[in-house]
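The values are calculated or read from the model by the stated rules, or taken from the named source; none is laboratory data. Every value quoted in this text rests on a predicted model; they were computed, and no experiment measured them. Cβ placement follows ideal geometry from the backbone for every residue including glycine, while neighbour counts extend to all protein chains displayed. Note: areas computed on protein heavy atoms with side chains; ligands, DNA, RNA excluded. Shrake-Rupley method; radii C 1.70, N 1.55, O 1.52, S 1.80 Å.
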Amino acid sequence: MKRTDSLKIPAALAALEDSVGDLAPVKERIKNHHIETPSWAYANSGTRFKVFPQPGVPRTAFEKLEDAAMVHRLTGVAPSVAVHIPWDKVDDYGKLNAYARELGVRIGAVNPNLFQDVDYKLGSLTHESAAVRKKAVDHLLECIEIGKAVGSKIQSLWFADGTNYPGQGDFRRRKRYMEEGLKTAYDAMPADMRMLLEYKLFEPGFYHTDIADWGMSAHFCQKLGDRAQVLIDLGHHALGVNIEHIVAFLIDEGRLGGFHFNNKKYADDDVSVGSINPYELFLIYNELVAAEDDPGTHTNVAYMIDQSHNLKPKIEEMIQSVVNCQLAYARALLVDRKALAAAQKDGDIVEAEEILQGAYQTDVRPLLAQVRVEMGLDPDPIAAFRASGYLEKISKIRA
Ligand code: PSV
Ligand code: MN
């Protein structure tokens, strides 16, 4: 089947409407499902083996916003951009903010960087030196000020803190240092700001990391307060971990703050979301939609992408990633939740799985195409990008 076949919208939609009923509410929800893209994915990045340069790559934070705005113009659902400090450090954040607004986007999560300074070789918040710990805390406080200046409501924290050898560090002392540093930052946040805390089981610490899994992250958050929540980066789990279960558990505890979407095949986060295991992504979205549909459950989830695009053209990969999230969300919206609950209560495993599979195997591409048409967009954002001449233009300007 050719990609464009799915864009024969009317016939495909009529068939879908026949089987699932009125699509208007589903389309509304897809239009309002926003995905934040990260400034760092537009910039030059690579693996530790090699950075392969790409034409037109942004040279400044302002140019990164331009590329993010292009992704938003084509998809209609990526209106905010996460920044990373100091990678996106500028003299005047008011100016950066105003430029974002002018481009039709806004600045989203602020990501401090506590892993690229030589002082952090043995840790940042968990370092044995009080001076280094203070330097790390000061950076967190600086990022909160930047967040205030750009109107950001999220501080998104990831720590490279960890050790490589048994005996290198004292686990309990490091835990207390971490708690102390996080608390100083948490207390400095304005009342409408949230702290999202990532975990990662390994790398760059290969013996231990100070926030190794969701349980440790949730524990720190619980001690901090309601505005500290866990951030799930899909790449940061051991193979075989059931991420959708973690999602459901954290939702139920009011501690799911957001996602860093990407995909790991073996480790970490450098592959496009939905590229390796779209069924897993669907099952994650299935839990999110189940929570949205449950009137007794309140969620405030920041949907963000955290990828580093090494081989594919960066803007196209970002469009593809946003669309992959939309595909998973749309399919999850088609799950017949009443029938699923009934099958679960009856212990009817086969029926329950068939219900999920039925939604997952539905071709929702015509539905997404129709949503884009209704939003005044081209139904095929990648084709539209290729036809736009944008890459050729920036390649010349940024040469
Ligand atoms: C490193 O693993 C990492 O990918 C984390 O997931 C952070 O979110 C990201 O870098 C940006 O600092
Ligand atoms: Mn991440």
_Yes or no: the range 150-160 includes at least one residue that is under 24 Å from the mean Cα position of the chain (by Cα), outside any helix (DSSP H, G or I) and away from ligand 1 (no atom under 16 Å from the Cβ)._
yes
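Got a number for residues in the range 205-237 being in a loop (DSSP other than H, G, I, E, B), within 16 Å of ligand 2 (Cβ to nearest atom) and among the hydrophobic types (A, V, I, L, M, F, W, C)? Don't jump to the end; show me each part of the working.
Taking the range 205-237 and keeping what is in a loop (DSSP other than H, G, I, E, B), we get 205-207, 210-213, 225-227, 234-237.
Then keep just the ones that are within 16 Å of ligand 2 (Cβ to nearest atom); that gives 205, 210-213, 234-237.
This time we only want the ones that are among the hydrophobic types (A, V, I, L, M, F, W, C), so: 211-212, 234.
Count: 3.
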*Any chance residue 286 is surrounded by fewer than 14 Cβ atoms within 10 Å (Cβ to Cβ) and touching a Leu at 6+ places or on another chain (Cβ under 9 Å)*: no
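Name every residue in the range 99-127 that is more than 16 Å from ligand 1 (Cβ to nearest atom), of a type outside the set (A, V, I, L, M, F, W, C) and either touching a Pro at 6+ places or on another chain (Cβ under 7 Å) or within 18 Å of residue 220 (Cβ to Cβ) (or both), in order of residue number.
Here is the first cut: in the range 99-127, the ones more than 16 Å from ligand 1 (Cβ to nearest atom) are 99-106, 118-119, 121-122, 126-127.
This time we only want the ones that are of a type outside the set (A, V, I, L, M, F, W, C), so: 99, 101-102, 104, 106, 119, 121, 126-127.
Result: 106, 126, 127.
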*Filter result for residue 190 (over 16 Å from the mean Cα position of the chain (by Cα) and within 14 Å of ligand 2 (Cβ to nearest atom))*: no
*Are any residues in the range 239-259 part of a helix (DSSP H, G or I) and either open to solvent by less than 10 Å² (accessible area, probe 1.4 Å) or of a type outside the set (Asp, Glu) (or both), and if so, which ones?*
243, 245, 246, 247, 248, 249, 250, 251
_Subset tally (residues that are open to solvent by 60 Å² or more (accessible area, probe 1.4 Å) and over 13 Å from residue 316 (Cβ atoms)) for the range 387-399_ = 5
_Suppose the filter is more than 14 Å from ligand 1 (Cβ to nearest atom) and either surrounded by 24 or more Cβ atoms within 10 Å (Cβ to Cβ) or not charged (D, E, K, R) (or both); does residue 262 pass it?_
no
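Can we say residue 185 is touching a helix residue (DSSP H, G or I) at 6+ places or on another chain (Cβ under 8 Å) and open to solvent by 20 Å² or more (accessible area, probe 1.4 Å)? Steps first, answer last, please.
Working: touching a helix residue (DSSP H, G or I) at 6+ places or on another chain (Cβ under 8 Å): yes; open to solvent by 20 Å² or more (accessible area, probe 1.4 Å): no.
Answer is no for this residue.
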*Output the residues belonging to the range 324-366 that are farther than 17 Å from residue 286 by Cβ and assigned to a helix (DSSP H, G or I).*
345, 350, 365, 366
_Within the range 5-43, considering residues that are at pLDDT 95 or above, in a helix (DSSP H, G or I) and among the hydrophobic types (A, V, I, L, M, F, W, C), the one surrounded by the fewest Cβ atoms within 10 Å (Cβ to Cβ)_ = 24
*Among the listed residues 330, 339, 302, 384, which satisfies the condition of being small (Gly, Ala, Ser), open to solvent by less than 50 Å² (accessible area, probe 1.4 Å) and free of Cβ contacts under 8 Å to residues at least 60 places away in the same chain?*
339
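Check the range 45-64 and report whether any residue there is farther than 28 Å from residue 160 by Cα and loosely packed, with under 14 Cβ neighbours inside 10 Å. Spell out how you get there, then give the answer.
Narrowing the range 45-64 to residues farther than 28 Å from residue 160 by Cα: 55-56.
Restricting the remaining residues to those that are loosely packed, with under 14 Cβ neighbours inside 10 Å gives 55.
Yes, the range 45-64 contains at least one residue that is farther than 28 Å from residue 160 by Cα and loosely packed, with under 14 Cβ neighbours inside 10 Å.
Return the residue satisfying two criteria in turn: it lies in the range 260-276 and is modelled with pLDDT of 85 or more and either within 12 Å of ligand 2 (Cβ to nearest atom) or aliphatic (A, V, I, L, M) (or both), and of such residues it is nearest to residue 238 (Cα to Cα). Lay out the reasoning, then the answer.
We begin by selecting, within the range 260-276, every residue modelled with pLDDT of 85 or more; these are 260-265, 271-276.
Then drop every residue that is not either within 12 Å of ligand 2 (Cβ to nearest atom) or aliphatic (A, V, I, L, M) (or both), which leaves 260-262, 264, 271, 273, 276.
Details: 260: 16, 261: 16, 262: 14, 264: 9, 271: 16, 273: 17, 276: 15 Å.
That would be 264.
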*asked:* Of everything in the range 305-325, what is closer than 23 Å to residue 198 by Cα, crowded, with 22+ Cβ neighbours inside 10 Å and away from ligand 1 (no atom under 16 Å from the Cβ)? Give them in sequence order.
replied: 322, 325
